[in-house]
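Read the structure below first, then the notes.
Just so it is clear, none of the values below were taken in a lab; they were calculated from the coordinates. These numbers come from a predicted model, not from an experiment. Cβ coordinates were reconstructed from backbone atoms using ideal geometry, including for glycine residues, and neighbour counts include every protein chain displayed.
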Amino acid sequence: MGGSVHELVILGSGPAGLTAAIYAGRASLSPVVITGLRSGGRLTMPPMVENFPGFPDGINGPTLMKNTIEQAKRFGASIVSANAKSVDLQSRPFTVNTEETSFSCDTLIIATGADNRYLELPGEKELIGRGISTCATCDGFFFREKDVFVIGGGDTAMEDSLFLSRFAKKITVVHRRDQLRASRILQQQAFANPRVDFIWDSVVEELIGDEVLEGIKLRNVKTAEISEHRCDGVFLAIGHIPNTEMFRGQLELDQEGYIVTRGPTRTSVEGAFAAGDVVDKVYRQAVTAAGSGCMAALDAERWLALHP
């Protein structure tokens, strides 16, 4: 497989990459999907996905992605369980290198996603979906009349807090500084919301709970005082890291490392397209990622038709 030139290689196997594979497969492009370290992407982490269309009772995250992989394979996509180590977009055909082999391709769809920033505390990853969330719009519904904490001080933290105030009984924002970084209008809205409180100059020191989150310990960065707080949920709003390091110097990236696109999916290199969270710093939803994967596949198909 690695020796021939493929019409299309897709990097990433989340909703964007796999939707691109479905559409490209239906267009008879025989796409090769290089899955990355986590086959199925970040959507394999939540135990239940409630807001993906077509599943009125929700669906298990890993099951949803497994089904999508099978759907892509049905239309002729080749799924390669490997992690891309480097790419060469300076010459044609493009080259994608994994640990085992190399793939040459006429077009490339980059759907490598963005990883959440975590607190890097013991037990944190195990409690994802069991009290800890990185997506207020995904999980806020489950915290009706609950006490929750939001960690962060930027626009995302304020947006999450305001969104959660529709459901939660009380929202406490924890910020390591004594003033927010969020835009003024969001600050004003958060300060005016009776359900939103603030704890300043503090960081999370410890997560309490084994099977489910039961509370957190905070440390005041100025006094070193430790305080314990019972809560039902913690929402992490401390940023994302787009997986674009291998494209640095080859594609135009913005200051945060996201791929800059012209139109929905075209990158600064002809024949290279990008979709999903690797370009989207605003919505970050499975359904929007899937939609952009569809657009990338259609754009790649049209580009190939114009450049036989």
* **Largest-first ellipsoid semi-axes for segment 257-308, taking √(5λ) over the Cα gyration tensor eigenvalues, angstrom** => 20, 13, 6
* To do: Would you mind classifying segment 52-103 by shape? Square roots of the alpha carbon gyration tensor eigenvalues, ordered a ≥ b ≥ c; an a/c under 1.5 is rounded, otherwise it is prolate if a/b is larger than b/c and oblate if not.
  => prolate
* Asked: Expressed as a whole percent, how much of the Cα-Cα distance distribution for segment 219-308 exceeds 22 Å?
  -> 45
* Does anyone have the angle between helix 15-26 and the longest principal axis of the chain? Alpha-carbon axes, 0 to 90°, nearest 10? -> 20
* Structure fact -> Answer in debye to the nearest 20: the dipole magnitude of the chain about its Cα centre, from +1 Lys/Arg and -1 Asp/Glu charges placed on Cβ, is 500
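Given the pairs Lys217/Lys281; Lys85/Lys281; Lys66/Lys146; Lys170/Lys222, which span a C-alpha to C-alpha distance of over 27 angstrom in this model?
Beyond 27 Å: Lys217/Lys281; Lys66/Lys146.
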* Value in Å of the Kirkwood radius, where segment 125-236 supplies the Cα pairs that are averaged -> 13.8
* Taking the radius of gyration and the Kirkwood hydrodynamic radius from Cα positions alone, what is the Rg/Rh ratio for segment 110-152, to two decimal places? -> 1.00
* Asked: By how many degrees, between 0 and 90 and to the nearest 10, does the Cα long axis of helix 286-306 differ from the longest principal axis of the chain?
  -> 20
* **Mean Cα-pair separation over length for segment 125-236, i.e. relative contact order, pairs under 8 Å, 6 or more apart, %** => 31
* **Gaussian network model of the chain, springs between alpha carbon atoms under 10 Å - residue of Met48, Met158, Met246 with greatest fluctuation** => Met246
* Hey, fewest Cβ within 10 Å first, where do Glu256, Glu145, Glu124 land in order? -> Glu145, Glu256, Glu124
* Structure fact -> Checking every Cys Cβ in the chain against the others at 4.7 Å leaves as unpaired Cys105, Cys231, Cys294
* Whole number please: convex hull volume per residue, Cα atoms of segment 2-140, in Å³. => 125
* How do His307, His175 rank when sorted from fewest to most other Cβ atoms within 10 Å of their own Cβ? -> His307, His175
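Where nothing but the Cβ of Lys and Arg (+1) and of Asp and Glu (-1) is charged, how large is the charge dipole of segment 125-236 around its Cα centre, in debye to the nearest 20?
I would put it at about 380 debye.
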* Taking other Cβ within 10 Å of each residue's Cβ, how do Val173, Val278 sort, fewest first? -> Val173, Val278
* Structure fact -> Note to self: Kirkwood Rh of the chain, Cα pairs, one decimal, Å, is 20.6
* Asked: Between Gln188, Gln71, Asn220, whose Cα lies farthest towards the positive end of the dipole of the chain when Lys and Arg beta carbons carry +1 and Asp and Glu beta carbons carry -1, centred on the Cα centre?
  -> Gln188
* Relative contact order (percent) for the chain, with alpha-carbon contacts under 8 angstrom and 6 or more residues of separation? -> 21
* Asked: Once you charge only the Cβ atoms, +1 for Lys and Arg and -1 for Asp and Glu, what is the size of the charge dipole of segment 155-308 about its Cα centre, to the nearest 20 debye?
  -> 500
